[in-house]
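Enquirer: Once you've had a glance at the structure underneath, I'll fire off some questions.
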């Protein structure tokens, strides 16, 4: 069976460490991850509920994200970051490196 470029690319992407995957994301996407991470870290007292990933009320609560992303970009990136958050939890790597920079 011949190997296609798509098959090898997706396999290679899965082998990228979680910290490196997060560090490759733009600042806006890291900010989204931070809010979902904060929810898990504080037991739901702060941040955004990952079960509601991509909801409009999350989007409107952050001026930083509203000025940089459309609602559609936000929704797709939020769902992607929740998947990454679940992968962190599954591997027991609960403290992602380089999470948020001071602005």
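The values are calculated or read from the model by the stated rules, or taken from the named source; none is laboratory data. These numbers come from a predicted model, not from an experiment. Using ideal geometry, Cβ is built from the backbone for each residue, glycine included, and neighbour counts are taken over all protein chains shown.
Enquirer: Within region 48-103, how many residues are modelled with pLDDT under 90 and either on the phi > 0 side of the Ramachandran plot or in contact with a strand residue (DSSP E or B) (Cβ under 6 Å, 6 or more places away or on another chain) (or both)?
Expert: So the answer is 2.
Enquirer: Are there any pairs with C-beta distances below 9 angstrom linking a residue in region 17-31 that is under 10 Å from residue 69 (Cβ atoms) to a residue that is surrounded by 16 or more Cβ atoms within 10 Å (Cβ to Cβ) and at pLDDT below 90, with the two at least 6 apart or on different chains, and if so which?
Expert: 29/22
Enquirer: Looking only at residues in region 15-71 that are touching a helix residue (DSSP H, G or I) at 6+ places or on another chain (Cβ under 6 Å) and not in a helix (DSSP H, G or I), which one is farthest from residue 81 (Cα to Cα)?
Expert: 46
Enquirer: Any chance you could count how many residues in region 45-55 are within 18 Å of residue 72 (Cα to Cα) and surrounded by 11 or more Cβ atoms within 10 Å (Cβ to Cβ)? Step through it out loud before you land on a result.
Expert: Residues of region 45-55 within 18 Å of residue 72 (Cα to Cα): 48, 50-55.
Now restrict to residues that are surrounded by 11 or more Cβ atoms within 10 Å (Cβ to Cβ): 48, 50, 52-55.
Final tally of qualifying residues: 6.
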